[in-house]
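The values are calculated or read from the model by the stated rules, or taken from the named source; none is laboratory data. Quantities reported herein were computed from a predicted structural model and do not represent experimental measurements. Note that we place each Cβ from the backbone using ideal geometry, even for glycine, and neighbour counts take in every protein chain shown. What goes into the accessible areas is simple: the full protein's heavy atoms, side chains included, and nothing from ligands, DNA or RNA. Shrake-Rupley method; radii C 1.70, N 1.55, O 1.52, S 1.80 Å.
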There are 2 protein chains.
Amino acid sequence: MADLTQFSLARTTAVLTRTPAALDALLRGLPDVWVRRNEGTSTWSAFDIVGHLIVGERTDWMPRVRVIMVSGEAQPFDPFDRFAQEKESQGKSLEQLLDEFARLRNWNLAALQALNLQPEDMDRRGRHPALGVVTLSELLSTWAVHDLTHLHQLSRVMAYQYHDAVGPWSAYLGVLHCAGHSAP
Amino acid sequence: MADLTQFSLARTTAVLTRTPAALDALLRGLPDVWVRRNEGTSTWSAFDIVGHLIVGERTDWMPRVRVIMVSGEAQPFDPFDRFAQEKESQGKSLEQLLDEFARLRNWNLAALQALNLQPEDMDRRGRHPALGVVTLSELLSTWAVHDLTHLHQLSRVMAYQYHDAVGPWSAYLGVLHCAGHSAP
């Protein structure tokens with residue numbers, strides 16, 4: 001059981017380690033039509049998404065890990081500002097954001113490793129300001145799935161730019177029929 | 001107008017060029033839990049998806065471009081076998097599939113460039129066996145969006161493996177609420 005929990009941490013960091021290079025390979029040097037356009041009013045472009053991932057690296061994931069390790073349930077997490085990137089990304093290029101995301105992710109994974117978390121730490125509890133009690137393993141799993149949910153969004157936002165260009169093939173392309181299913 | 005059409009070809013190949021490296025960065029070396037598991041009976045794993053992309057490179061996209069250039073509407077495209085990868089990927093590793101996809105995509109993009117397509121070629125027509133008349137620009141646009149729809153699927157399949165692990169955060173992770181919206 002302990003081994004399984006430990007393996008789960010390795011599985012999780014396996015995804016977290018790969019996301020920056022995957023986004024870099026997908027996005028660096030792409031024409032602006034793919035990078036700067038969104039799905040309409042109050043939606044995000046690829047540029048906005050990378051900016052949001054940076055904010056998560058700065059303010060959300062590792063700070064919350066530390067709150068759990070130091071204070072447990074006693075100190076609720078700070079809320080995650082889902083719109084901070086609107087200001088923080090201003091004046092930057094996508095390439096700068098990709099570099100920044102990769103650097104912060106590397107630092108955070110090094111910091112995570114330095115904590116030398118043990119299998120029994122995975123059940124430590126924290127308090128989410130809206131969701132209530134959560135565990136360290138849930139937080140780490142969410143960090144990885146958060147990467148995947150934004151990769152999911154990114155592929156949809158990019159595909160949307162060609163929703164007319166594909167003509168009748170639209171019927172066969174599921175990504176063009178994704179309603180966004182964003183969480184509240 | 002002609003310039004815009006030409007630009008569209010460059011925009012399209014900008015995505016097509018990047019997909020193999022993006023998938024490679026995301027998937028190579030990942031534990032099997034991320035690569036070999038699917039979303040349940042008759043669904044695809046990451047391994048299946050890369051195999052499907054290979055089949056498209058072999059049998060679908062460039063062969064259809066050539067049918068349009070040579071025969072126009074007179075010769076309907078061969079149907080795309082969406083299940084050929086079940087046999088063709090057997091006994092291979094994910095790493096072999098990633099290498100094969102990258103090699104085939106490179107060859108196909110070189111072959112596309114060698115056609116030296118002109119803006120006026122983009123309106124050439126072909127006949128899809130089910131969808132009817134389509135244009136060359138629609139075929140090329142679909143090639144790119146087909147990459148994106150499978151990246152969309154891939155992120156969902158991977159996230160699904162952690163649908164319990166994230167605990168209450170599931171409510172905030174849209175990718176876990178994607179119904180698949182596959183085309184018929």
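Which value, in Å², gives the accessible area per residue of chain A when a 1.4 Å probe is used on the protein heavy atoms?
Ligands and nucleic acids excluded, the result is 44 Å² per residue.
Taking every residue in A:21-33, how many Cβ atoms of other protein chains lie within 10 Å of its Cβ, on average?
Shielding by partners across A:21-33 averages 5.
What is the percent carbon and sulfur in the accessible area of chain B, measuring with a 1.4 Å probe over the protein chains and ignoring ligands?
51 percent
How would you classify segment B:62-114 from its alpha-carbon gyration tensor, with a ≥ b ≥ c the square roots of the eigenvalues: rounded for a/c under 1.5, else prolate if a/b is greater than b/c, otherwise oblate?
Oblate shape, in that a/c is at least 1.5 and b/c is the bigger or equal ratio.
Using a simple charge model, +1 on the beta-carbon of Lys and Arg, -1 on the beta-carbon of Asp and Glu, nothing else, what dipole does chain B show about its Cα centre, in debye to the nearest 20?
In debye, rounded to 20, chain B gives about 40.
Okay, helix-only estimate at 222 nm for the protein assembly as shown: each DSSP H run of n ≥ 4 adds -39500 (n - 2.57), divide by all residues, round to 500 deg cm²/dmol; what do you get?
-18000 deg cm²/dmol
Which whole-number value in Å³ per residue fits the convex hull of the alpha carbons of segment A:59-184?
Looking at segment A:59-184, the number lands at 144 Å³ per residue.
In nm, one decimal, shortest first: how far is the label point of A:Thr59 (7 Å from Cα along Cα to beta carbon) from the matching points in the other copies?
Result for A:Thr59, in nm, nearest copy first: 5.0.
Counting only protein heavy atoms and rolling a 1.4 Å probe, how much accessible area do B and A lose on contact, total for both sides, in Å² to 100?
For B against A, buried area totals roughly 5000 Å².
When the chain is fully extended, how far beyond the present Cα-Cα distance does B:Ala130 get from B:Leu109, taking 0.36 nm per residue of separation?
That works out to 5.0 nm of additional length.
Between A:Arg125 and the same site in the other copies, what are the distances in nm, shortest first, taking label points 7 Å from Cα along the C-beta direction?
Label-point separations across copies, in nm and ascending: 6.8.
Just in segment A:9-94: which chymotrypsin sites (Phe, Trp or Tyr not before Pro) are loop by DSSP and have at most 14 other Cβ atoms within 10 Å?
When the chymotrypsin sites (Phe, Trp or Tyr not before Pro) of segment A:9-94 are filtered for loop state and at most 14 Cβ neighbours within 10 Å, A:Phe83 remain.
Run through the other copies and list how far each one's label point is from that of A:Pro79, in nm with one decimal, shortest first; the point sits 7 Å from Cα along Cα-Cβ.
The projected label point of A:Pro79 is separated from its counterparts by 5.4 nm.
So if R0 is 25 Å, what FRET efficiency would A:Ser71 and A:Glu120 give, r being the distance between their Cβ atoms, rounded to the nearest 0.05?
0.90
If you average the alpha carbon positions of segment B:131-152 and of segment B:59-90, how far apart do those two centres end up, in angstrom?
13 Å
So for each of B:48-60, A:166-178 I average, over its residues, the number of other beta carbons within 10 Å; can you give me the resulting order with the highest mean first?
B:48-60, A:166-178
Answer rounded, prolate or oblate for the protein assembly as shown, using the Cα gyration tensor with square roots of eigenvalues a ≥ b ≥ c: rounded when a/c is under 1.5, else prolate when a/b is larger than b/c, else oblate.
The shape class here is prolate.
Given +1 on the Cβ of Lys and Arg, -1 on the Cβ of Asp and Glu, and no further charges, what dipole in debye does the protein assembly as shown carry about its Cα centre, rounded to the nearest 20?
Roughly 80 debye for the protein assembly as shown.
So how much slack lies between B:Val33 and B:Ala10, counting 0.36 nm per residue of separation and subtracting their Cα-Cα distance, in nm?
This chain segment gains 4.6 nm when fully extended.
Around A:Arg124, with a cut-off of 14 angstrom between Cβ atoms, what is the net charge of the other residues, counting Lys and Arg +1 and Asp and Glu -1?
For residues surrounding A:Arg124, the net value is -1.
Compute the Cα gyration tensor for segment A:1-90, then decide on rounded, prolate or oblate, letting a ≥ b ≥ c be the square roots of its eigenvalues: rounded whenever a/c is under 1.5, prolate when a/b is larger than b/c in the other cases, and oblate in all that remain.
Because a/c hits 1.5 or more and a/b fails to exceed b/c, segment A:1-90 counts as oblate.
For segment B:73-126, what is the charge dipole size about the Cα centre, in debye to the nearest 20, if Lys and Arg each add +1 at the Cβ and Asp and Glu each add -1 at the Cβ?
It comes to approximately 100 debye.
Would you kindly state how much longer the chain becomes between A:Thr41 and A:Asp99 on full extension, computed as 0.36 nm times their sequence separation minus their alpha carbon distance, in nm to one decimal?
Extending this stretch completely gives an extra 18.1 nm.
Give me the aspartates and glutamates in straight-line cross-link reach of A:Lys92: C-alpha distance below 19 Å, same-chain residues under 8 apart excluded.
Straight-distance partners of A:Lys92: A:Asp24, A:Asp32, A:Asp48, A:Glu57, A:Glu100.
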